[in-house]
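Below is one structure, written out as structure tokens, with a few remarks after it.
The values are calculated or read from the model by the stated rules, or taken from the named source; none is laboratory data. This is a predicted model, so every value here is computed, not measured. Methodologically, a virtual Cβ is constructed for each residue, glycine included, from the backbone with ideal geometry; neighbour enumeration extends over all protein chains shown.
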Number of protein chains: 2
Amino acid sequence: MPPPPLTETIPTIDDIRRAAERIRPYAHRTPVLTCQTLNQMTGMSLFFKCENLQKVGAFKFRGACNTIFSLSEEEAARGVATHSSGNHAQALALAARIRGIPAHIVMPETSPQVKQAAVAGYGAEITFCKPTLEARESTLAEVVARTGATFVHPYNDVRVIAGQGTAALELFEEVPDLDVIMAPVGGGGLLSGTALTSLAVSPATRVIAGEPAGADDAYRSLQTGQIQPSVQPKTIADGLLTSLGEITFAIIRRHVEKILTVQDETIIKAMRLVWERMKIIVEPSAAVPLAALLEHPDAELRGKRVGIIFSGGNVDLGKLPF
Amino acid sequence: MPPPPLTETIPTIDDIRRAAERIRPYAHRTPVLTCQTLNQMTGMSLFFKCENLQKVGAFKFRGACNTIFSLSEEEAARGVATHSSGNHAQALALAARIRGIPAHIVMPETSPQVKQAAVAGYGAEITFCKPTLEARESTLAEVVARTGATFVHPYNDVRVIAGQGTAALELFEEVPDLDVIMAPVGGGGLLSGTALTSLAVSPATRVIAGEPAGADDAYRSLQTGQIQPSVQPKTIADGLLTSLGEITFAIIRRHVEKILTVQDETIIKAMRLVWERMKIIVEPSAAVPLAALLEHPDAELRGKRVGIIFSGGNVDLGKLPF
């Protein structure tokens, strides 16, 4: 049964191209790397778009930067706000500092010291809350009411999605003839932006996602045609714990061919392979699409040209899984 | 007192440009990365040429590849040989495999299993010897006598030096207006190739090297005007233990402004900074020039545009110094 017609607003390719122009002065144009060993292991030609080498170490900077530089002067003056303890918080904090506006970050008081320090280091104002979803949301509401800041959702926002789509845009500029493009899926911001770009600039390219089996809400959402919540997810890929949003789900169900789920041990194996053979640092979440290729030799992708977006590289060097 | 006129044959910029053409189909054009955090820490604009992302994880592939593809058909048919247990051995083995010729590698029988496996993995034939310099040299001589293979020195060879100079050539193509260019110095192949390229394509750029204080033979060689042997070197930068050769010394004493020595603790600090902030894996030797900038704030380079060649990224993930 085909999905119902779109009711949500979704970004157009023009939005994505404008986002690319908007963030160009601030974001890295990250390199596309290849690795003979991984090509041999998979029997494919792999092209890795290295968003782990992006500012703040993750693609999240693209969406945050596009959103912040899309704000009117009046909106910007009141600042931005979000609740996050991860890459989105750092990305928003840095983009806000670049535009010279306040960033308010709501973080659980249990967040690791290193993440608090990273966000504070970019000059953001941190408001701590109890480590529950309710406390996060109510604290954020208070901050927004008090400051008039614009709430920037980590993924369910057209400006954020358009920004994330610029990574694939750059990848297709360098490698136009991909058979497949892959991204990991958590909240779906990167995956939906990647799918929209791919559809517009390379309609024959298939879009496939990788997702941890221990946090397979997006897989189940595609199966059931309804957003499934992420209930007690358990995976080393800590960037992929959240469930899809309405906008990202609407895009993903239409434009993503399939989601391949993977076990944590394959994620760790793929992560280590990238460190050892490519000499770059990827976080577990970033290794998920490659893990999917290793775990699903049945996916009939041998001989294909496959683009993979490495989503981030933020790991604690003191706590490596190998 | 100026150094005596050159008697050794040294590569010209045309040799280096031809090397660039020769290796182009086989070597990666590695990215040049920047890092805002490191710029702020040093007060400079740093441009990192990432040879850690080169094939076999080190710049050594450039020199080995140039040498092997410079051989005549007759020479090539007899293969190449060297004694090394490090990056040069892997580089020579891979370049030989690409040309489809034999590579004979003499390695001490005490070499780590992982290095033996890497060289064997590229299809080279390993001949083991006792772990002494005499045994290495006599075993190599036997191999060369038996096979007719061409001995490829790891650095004291004009074809190797010309190959190593192509990294700086690419860096200057992307960032033409460097005030300073830096490389680490061990045997001097990378440093002398870098200096020759810099002199030809950007004569105003100053060439500065970094060297571990625990293996400061190049520093002492420049001070005394004579090649000083590397006696019982002790440093974590295990790629920089060897002493200069006659050709590399001749180039370095003329074209390198100075060598800054650094303590191992600064090397480890610089290495960790690169892993954490740039999300790329560099080996200790590669971190030496950045360490030199951190340890010598008196070097009067604040405000300068500094190119740094990251020489390699081959580390044992099971034995990290942090």
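Descriptive notes on the structure:
- Evaluated against (1) over 21 Å from A:TYR26 (Cβ atoms); (2) assigned to a strand (DSSP E or B), A:ALA81 falls short on exactly one condition, (1).
- If you go through the range B:50-78 and keep only what is within 12 Å of another protein chain (Cβ to nearest Cβ) and either under 22 Å from B:ASP157 (Cβ atoms) or surrounded by fewer than 24 Cβ atoms within 10 Å (Cβ to Cβ) (or both), you end up with B:GLU51, B:GLN54, B:LYS55, B:VAL56, B:GLY57, B:ALA58, B:PHE61.
- Checked against the criterion of being within 14 Å of chain B (Cβ to nearest Cβ), acidic (Asp, Glu) and surrounded by 20 or more Cβ atoms within 10 Å (Cβ to Cβ), the candidates A:GLU283, A:GLU276 yield just one match: A:GLU283.
- Flag if B:LYS234 is without any contact (Cβ under 8 Å) to a residue 40 or more places away in the chain, in a loop (DSSP other than H, G, I, E, B) and away from chain A (no Cβ under 14 Å): yes
- Residue match in the range A:238-260 (condition: part of a strand (DSSP E or B) and either among the basic types (Lys, Arg) or under 30 Å from B:ASP316 (Cα atoms) (or both)): yes
- Between B:ALA64, B:ALA89, the distinction of being touching a Gly at 6+ places or on another chain (Cβ under 9 Å) and farther than 30 Å from B:ASP298 by Cα belongs to B:ALA64 only.
- Residue satisfying all of: in the range B:240-273; within 14 Å of chain A (Cβ to nearest Cβ) and not aliphatic (A, V, I, L, M); surrounded by the fewest Cβ atoms within 10 Å (Cβ to Cβ) among these: B:ARG272
- Single match in A:ARG206, A:ARG136 (criterion: in contact (Cβ under 8 Å) with a residue 12 or more places away in the chain and closer than 26 Å to A:VAL80 by Cα): A:ARG136
- Each residue in the range B:20-47 was checked for being under 19 Å from B:MET278 (Cβ atoms) and not in a helix (DSSP H, G or I), and 13 of them qualify.
- Residue list for the range A:269-292, restricted to those being under 19 Å from the mean Cα position of the chain (by Cα) and of a type in the set (A, V, I, L, M): A:ALA270, A:MET271, A:VAL274, A:ILE280, A:ILE281, A:VAL282, A:ALA286, A:ALA287, A:VAL288, A:LEU290, A:ALA291, A:ALA292
- Looking across B:GLU134, B:GLU173, one residue alone is in a helix (DSSP H, G or I) and at pLDDT below 95. It is B:GLU134.
- Out of B:GLN228, B:GLN223, sole residue that is assigned to a loop (DSSP other than H, G, I, E, B), modelled with pLDDT of 95 or more and surrounded by fewer than 23 Cβ atoms within 10 Å (Cβ to Cβ): B:GLN228
- Selection of the range B:23-49 for residues being without any contact (Cβ under 8 Å) to a residue 60 or more places away in the chain and away from chain A (no Cβ under 14 Å) yields only B:ARG24.
- Residues in the range B:286-315 that are within 11 Å of another protein chain (Cβ to nearest Cβ) and hydrophobic (A, V, I, L, M, F, W, C) were compared, and the one that is surrounded by the most Cβ atoms within 10 Å (Cβ to Cβ) is B:ALA286.
- Qualifying residue in the range B:159-168 (condition: out of contact with any Ser or Thr (no Cβ under 7 Å at 6 or more places or on another chain), more than 28 Å from B:PRO297 (Cα to Cα), among the hydroxyl-bearing types (Ser, Thr, Tyr) and not assigned by TED's automatic domain parsing to the domain that holds B:ARG254): no
Residue-wise test of (1) touching a residue at least 24 places away in the same chain (Cβ under 8 Å); (2) closer than 23 Å to B:VAL32 by Cβ.
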{"position": "B:ARG253", "(1), (2)": "yes, no"}
{"position": "B:ILE267", "(1), (2)": "yes, yes"}
{"position": "B:ILE281", "(1), (2)": "yes, yes"}
{"position": "B:SER285", "(1), (2)": "yes, yes"}
{"position": "B:ALA291", "(1), (2)": "yes, yes"}
{"position": "B:GLY303", "(1), (2)": "yes, yes"}
{"position": "B:VAL306", "(1), (2)": "yes, yes"}
{"position": "B:LEU317", "(1), (2)": "no, no"}
{"position": "B:PHE322", "(1), (2)": "yes, no"}
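- Restricting the range B:176-206 to residues that are part of a strand (DSSP E or B) and out of contact with any Asp or Glu (no Cβ under 6 Å at 6 or more places or on another chain), the residue that is farthest from B:PRO154 (Cα to Cα): B:VAL180
- Candidates B:ALA95, B:ALA118, filtered to the one that is in contact with a Cys (Cβ under 7 Å, 6 or more places away or on another chain) and in a helix (DSSP H, G or I): B:ALA95
- Residue within the range B:49-62 that is assigned by TED's automatic domain parsing to the domain that holds B:SER202 and of a type in the set (Asp, Glu) present: yes
- When residues of the range A:140-161 are limited to those that are in a helix (DSSP H, G or I) and under 12 Å from the mean Cα position of the chain (by Cα), the one farthest from A:LEU260 (Cα to Cα): A:VAL160
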